[in-house]
Amino acid sequence: MQDRHLSLIEHLDELRRRLIQCLLPFLAATLFSAVFTKQILSFLQLPARGAIEKLAFFSPQEVALVYIKIALLTGLVASSPFILYHIWKFISPALEEKQRGYAINFIFFTWFSFFIGACFCFFYLLPISLRFLIGLAGAELMPVISISKYISFVLILTVGCGLTFEMPVLAWILTKLNILNAGFLRRKRKYAVVIILILAAIITPTTDPFNMFLLAKPMYILYEISIWISSFTEFKRKL
């Protein structure tokens, strides 16, 4: 893209073009994922092993709607490298010339951070949360969990956790753009703790503090990592 400043109309036209280019791989990945929705559903039930034997459905269209939701989210995840590439191309004019070559780093670390966060949630946070919440019922009550409620619980928590793991990547980008610095993050640490607790309460689809703190702890660790990354980015820029 040219180094000249673009007008508002040109920015909007560029945004429209990038959105269309993001939409095409997303639709293709979604259609491809729709073929394997039953297998993906079986995989998404792994955290419930030992806590929920079978899922139920309470309306004729419920399973179909769940399959659509699974296909859409799987398509979004599968097409995310293409989407991230176009996001980077859209914001790259705001960067210095030497910083515009970081597209591969941006795509890799953004995707990798989300993947690590999603895995942390899926294989650690979700099994603990489900056993704890189902265990509250005791032996007197039998859980009858609908497939839509379960999938919503799994997807919201997994995607939310994956997005929170983007915190270090966001710190790196904002530091590169001179919007953020390590000193600011250190000074606002006490406010960050409050915001982290609020975000953990919002992301966690239950109201219990147990699940909230399970998510809040890694979020705070990520905040500290973000401070280090911002500081390191500033140091490299001064060299």
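The values are calculated or read from the model by the stated rules, or taken from the named source; none is laboratory data. Source: prediction; values computed, not measured. Reconstructed Cβ throughout: ideal geometry from the backbone, glycine too, with neighbour counts over all protein chains shown. Areas reflect the complete protein model, heavy atoms only, side chains present, ligands, DNA and RNA absent. Shrake-Rupley method; radii C 1.70, N 1.55, O 1.52, S 1.80 Å.
With respect to (1) hydrophobic (A, V, I, L, M, F, W, C); (2) touching a residue at least 40 places away in the same chain (Cβ under 8 Å); (3) surrounded by fewer than 17 Cβ atoms within 10 Å (Cβ to Cβ); (4) in a helix (DSSP H, G or I), the lone exception for PHE58 is condition (4).
Please go through the stretch 7-18 and give me each residue that is free of Cβ contacts under 8 Å to residues at least 12 places away in the same chain and either touching a strand residue (DSSP E or B) at 6+ places or on another chain (Cβ under 9 Å) or in a helix (DSSP H, G or I) (or both), ordered by number. Answer for the stretch 7-18, where residues must be free of Cβ contacts under 8 Å to residues at least 12 places away in the same chain and either touching a strand residue (DSSP E or B) at 6+ places or on another chain (Cβ under 9 Å) or in a helix (DSSP H, G or I) (or both): LEU8, ILE9, GLU10, HIS11, LEU12, ASP13, ARG16, ARG17.
Among the residues of the stretch 123-138, those that are in contact (Cβ under 8 Å) with a residue 12 or more places away in the chain, hydrophobic (A, V, I, L, M, F, W, C) and open to solvent by 20 Å² or more (accessible area, probe 1.4 Å) comprise PHE123, ILE128, PHE132, LEU133, ILE134.
Within the stretch 131-171, being under 19 Å from ILE196 (Cβ atoms) and over 15 Å from the mean Cα position of the chain (by Cα) holds for one residue alone: ALA171.
Does MET142 satisfy the criteria of being open to solvent by 80 Å² or more (accessible area, probe 1.4 Å), within 27 Å of LYS69 (Cβ to Cβ) and either of a type outside the set (Val, Ile, Thr) or modelled with pLDDT of 90 or more (or both)?
The answer is yes for MET142.
Taking every residue in the stretch 139-168 that is over 30 Å from ILE221 (Cβ atoms) and pairing it with any residue that is of a type in the set (Asp, Glu) and not in a loop (DSSP other than H, G, I, E, B), at least 6 positions away or on another chain, the pairs with Cβ-Cβ distances below 6 Å are SER148/GLU62. Checking the structure you have, find out if any residue of the stretch 202-213 is over 18 Å from ALA48 (Cα atoms), at pLDDT 90 or above, charged (D, E, K, R) and open to solvent by 20 Å² or more (accessible area, probe 1.4 Å). No; the residues of the stretch 202-213 include none that is over 18 Å from ALA48 (Cα atoms), at pLDDT 90 or above, charged (D, E, K, R) and open to solvent by 20 Å² or more (accessible area, probe 1.4 Å).
Among the residues of the stretch 175-199, which ones are of a type in the set (A, V, I, L, M, F, W, C) and modelled with pLDDT under 85?
Within the stretch 175-199, LEU177, ILE179 meet the criteria.
The single condition from (1) open to solvent by 30 Å² or more (accessible area, probe 1.4 Å); (2) under 30 Å from PHE43 (Cβ atoms) that GLY160 fails is (1).
Every residue, every condition in (1) open to solvent by 40 Å² or more (accessible area, probe 1.4 Å); (2) of a type in the set (Ser, Thr, Tyr); (3) out of contact with any strand residue (DSSP E or B) (no Cβ under 7 Å at 6 or more places or on another chain); (4) modelled with pLDDT of 95 or more, yes or no:
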{"site": "THR30", "(1), (2), (3), (4)": "no, yes, yes, yes"}
{"site": "TYR67", "(1), (2), (3), (4)": "yes, yes, yes, yes"}
{"site": "ALA71", "(1), (2), (3), (4)": "no, no, yes, yes"}
{"site": "LEU76", "(1), (2), (3), (4)": "yes, no, yes, no"}
{"site": "SER80", "(1), (2), (3), (4)": "no, yes, yes, no"}
{"site": "LYS89", "(1), (2), (3), (4)": "yes, no, yes, no"}
{"site": "GLN99", "(1), (2), (3), (4)": "no, no, yes, no"}
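If you go through the stretch 154-203 and keep only what is under 14 Å from GLY117 (Cβ atoms) and either among the polar types (S, T, N, Q) or in contact with a strand residue (DSSP E or B) (Cβ under 7 Å, 6 or more places away or on another chain) (or both), you end up with THR158, THR164.
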